[in-house]
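One structure is given here, and the rest of the page talks about it.
The values are calculated or read from the model by the stated rules, or taken from the named source; none is laboratory data. Quick caveat: nothing in here was measured; it's all calculated off a predicted structure. Note that we place each Cβ from the backbone using ideal geometry, even for glycine, and neighbour counts take in every protein chain shown.
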Amino acid sequence: MGMQVVNHGMEGDVSRNMIEVCKKFFELPYEERSKYMTSDMSAPVRYGTSFNQNKDNVFCWRDFLKLYAHPLPDYLPYWPSSPSDFRSLAATYATETREMFEMMVKAIMESLEIDGDDNEAAKELKEGSQMVVVNCYPPCPEPELTLGMPPHSDYGFLTLLLQDDVEGLQILYRDEWVTIDPIPGSFVINVGDHLEIFSNGRYKSVLHRVLVNSTKPRISVASLHSFPLTSVVKPSPKLIDEHNQPQYMDTDFATFLQYISTREPKWKNFLESRKIHHL
């Protein structure tokens with residue numbers, strides 16, 4: 001399940017500035033960017049390029065910058081200090097996407113008829129994890145031989161994705177790959193695996209991939225939101241009764257990290273591994 005949201009309340013400058021400053025980051029000399037290279041998945045800042053990830057058979061054509069963003073004051077001092085306005089613009093962006101996420105959680109809980117002040121899950125999500133992932137897809141001389149990103153679903157609860165004006169994102173809809181037109185200032189909202197588990201399958205996480213092209217670089221910024229990294233994610237007890245059995249096993253971040261340390265997260269393989277098959 002994915003949707004494109006406009007009129008979301010975020011000032012246009014916030015998203016435009018974020019795209020611009022991220023472009024500048026990827027234009028920095030390699031020596032400057034590579035300071036943030038690490039294989040430690042829990043590092044507050046991680047720069048990488050898929051050119052040297054030998055676990056992946058599809059030669060991925062992207063650079064990325066991953067920033068842990070909540071609680072923001074804890075992580076901000078680790079974020080890149082160059083370009084000089086990177087931290088301030090990215091912090092504003094992270095704060096505003098977080099507010100948008102909280103509005104969406106409210107709407108999702110209402111749609112599942114889980115509301116009220118005793119909603120533990122909503123409280124956890126309010127304190128939950130946020131990671132901002134900036135993707136840069138350079139022009140590729142032979143775009144038909146590679147993907148910017150192979151088909152996968154996102155691990156978290158919801159992803160708020162901002163694109164520049166170059167198309168590339170595709171989602172699988174009724175077994176067809178559909179290109180999402182970049183509408184200026186809009187966000188693509190993708191349901192992640194955690195929401196599929198929490199809703200006991202009522203919401204389905206979105207399979208998506210990224211194509212590259214031979215002429216234009218493309219930048220996208222994904223804000224990934226979920227429960228705190230220490231939480232156990234499980235179908236909401238409010239959706240389970242004698243007619244609705246749990247469809248998924250409880251899971252946590254450690255299980256996921258263990259899973260991806262041995263293989264690339266492709267398709268919906270991790271989610272499939274957590275499904276309960278009732279006889």
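Just a few scattered comments:
- Residues in the stretch 2-40 that are part of a loop (DSSP other than H, G, I, E, B) and either surrounded by 12 or more Cβ atoms within 10 Å (Cβ to Cβ) or hydroxyl-bearing (Ser, Thr, Tyr) (or both): His8, Met10, Leu28, Lys35, Tyr36, Thr38, Ser39.
- Test: Lys275 is surrounded by fewer than 17 Cβ atoms within 10 Å (Cβ to Cβ) and basic (Lys, Arg): yes
- Subset of the stretch 129-151 that is modelled with pLDDT of 85 or more and hydroxyl-bearing (Ser, Thr, Tyr) - its residue that is farthest from Thr97 (Cα to Cα): Tyr137
- Complete set of residues in the stretch 194-226 that are out of contact with any strand residue (DSSP E or B) (no Cβ under 6 Å at 6 or more places or on another chain) and assigned to a loop (DSSP other than H, G, I, E, B): Ser199, Asn200, Gly201, Arg202, Lys204, Leu211, Asn213, Ser214, Thr215, Lys216, Pro217
The rows are residues; the columns are (1) farther than 24 Å from Lys126 by Cα; (2) in contact with a Cys (Cβ under 7 Å, 6 or more places away or on another chain); (3) of a type outside the set (Ser, Thr, Tyr); (4) at pLDDT below 95.
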{"site": "Gly201", "(1), (2), (3), (4)": "no, no, yes, no"}
{"site": "Ser220", "(1), (2), (3), (4)": "yes, no, no, no"}
{"site": "Lys238", "(1), (2), (3), (4)": "no, no, yes, yes"}
{"site": "Asn244", "(1), (2), (3), (4)": "yes, no, yes, yes"}
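- Restricting attention to the stretch 227-279, the residues that are under 16 Å from Phe198 (Cβ atoms), under 19 Å from the mean Cα position of the chain (by Cα), in a strand (DSSP E or B) and touching a residue at least 40 places away in the same chain (Cβ under 8 Å) add up to 1.
- Selection within the stretch 122-167 - among the acidic types (Asp, Glu) and either in contact (Cβ under 8 Å) with a residue 40 or more places away in the chain or touching an Asp or Glu at 6+ places or on another chain (Cβ under 8 Å) (or both): Glu124, Glu127, Glu142, Asp154, Asp164, Glu167
- Neighbours by Cβ (under 6 Å, 6+ apart or cross-chain): first from the stretch 31-49, within 15 Å of Leu76 (Cβ to Cβ); second among the aromatic types (Phe, Trp, Tyr) and surrounded by fewer than 16 Cβ atoms within 10 Å (Cβ to Cβ): Pro44/Tyr78; Val45/Tyr78
- Among the residues making up the stretch 60-75, those that are closer than 10 Å to Val45 by Cβ and either aliphatic (A, V, I, L, M) or assigned to a helix (DSSP H, G or I) (or both) are Leu65, Leu67, Tyr75.
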